[in-house]
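The values are calculated or read from the model by the stated rules, or taken from the named source; none is laboratory data. Nothing here was measured: the structure is a model prediction, and the numbers come from that model. All Cβ positions, even for glycine, are placed from backbone atoms using ideal geometry, and neighbour counts span all protein chains on display.
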């Protein structure tokens with residue numbers, strides 16, 4: 001089953017407006033040079049409008065780092081999916097471990113965000129991952145299955161076809177540690193079988209599952225060679241044009 005690769009850069013709380021626009025334009029050039037794969041960047045919300053405008057005529061996709069579940073209302077500090085689509089944003093991260101760990105977002109809230117995004121035409125990237133303690137306790141698969149089942153609660157098979165999964169072991173995010181290719185493939189294979197059990201095999205075979213967690217130019221090729229790894233969600237290495245360009249141009 002051929003799945004179109006997706007390389008996504010999560011810029012987190014980095015880059016001024018000028019820096020974000022300049023980097024986005026450079027990444028758009030890389031994306032144009034690789035027509036057989038999708039490339040997405042997720043700037044901070046302050047730069048979304050400017051980045052969308054700067055890359056409007058390029059194949060570069062622009063995603064938000066989070067998304068609210070309501071069209072509008074009294075939700076101070078949130079950004080609605082309607083506001084995002086108005087800017088030209090077409091994807092959004094939901095459930096990133098930093099939202100879970102630092103800001104206390106639980107699976108129920110993440111599910112609302114995901115379904116809100118889908119309802120208003122934004123393709124969500126559902127982020128899941130276990131902590132080091134959970135892995136050492138042998139609970140990796142149980143934790144991931146719970147996050148997947150709760151995160152996709154009441155998500156139809158048609159909606160799931162527009163959804164991307166991103167496996168990011170919490171212990172590998174920003175630590176310099178990376179799951180071995182074997183560890184990453186083992187989890188991705190498990191996730192694909194889980195999707196087949198929840199939905200159907202055909203849907204599971206078409207779903208893109210990304211790996212995240214200290215992805216760098218020197219490990220991207222080995223990761224992308226694995227049969228169930230369909231792309232990468234990149235943090236720190238996405239903030240530098242040279243390193244992200246090499247990741248986009250994985251071989």
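Observations, loosely collected:
- Subset tally (residues that are over 18 Å from residue 126 (Cβ atoms) and either surrounded by fewer than 18 Cβ atoms within 10 Å (Cβ to Cβ) or at pLDDT 95 or above (or both)) for region 147-199: 10
- Among the residues making up region 30-49, those that are over 11 Å from residue 249 (Cβ atoms) and part of a helix (DSSP H, G or I) are 32, 45, 46, 47, 48, 49.
- Selected residue (criterion: nearest to residue 83 (Cα to Cα)) from residues of region 50-72 that are touching a strand residue (DSSP E or B) at 6+ places or on another chain (Cβ under 9 Å) and not in a loop (DSSP other than H, G, I, E, B): 64
- The set of residues in region 22-44 that are more than 30 Å from residue 202 (Cα to Cα) and either within 16 Å of the chain's Cα centre (by Cα) or crowded, with 18+ Cβ neighbours inside 10 Å (or both) comprises 23, 24, 27, 28, 30, 43, 44.
- Residue within region 13-24 that is at pLDDT 95 or above and closer than 12 Å to residue 58 by Cβ present: yes
- Filter result for residue 143 (crowded, with 17+ Cβ neighbours inside 10 Å, more than 17 Å from the chain's Cα centre (by Cα) and not in a loop (DSSP other than H, G, I, E, B)): yes
- Scope region 238-247; condition surrounded by fewer than 23 Cβ atoms within 10 Å (Cβ to Cβ) and in contact (Cβ under 8 Å) with a residue 24 or more places away in the chain; matching residues: 239, 241, 243, 245, 246
- Flag for residue 214 being surrounded by 20 or more Cβ atoms within 10 Å (Cβ to Cβ) and either touching a helix residue (DSSP H, G or I) at 6+ places or on another chain (Cβ under 6 Å) or in a loop (DSSP other than H, G, I, E, B) (or both): yes
- Some residue of region 198-208 being in contact (Cβ under 8 Å) with a residue 12 or more places away in the chain, part of a loop (DSSP other than H, G, I, E, B) and touching a strand residue (DSSP E or B) at 6+ places or on another chain (Cβ under 9 Å): yes
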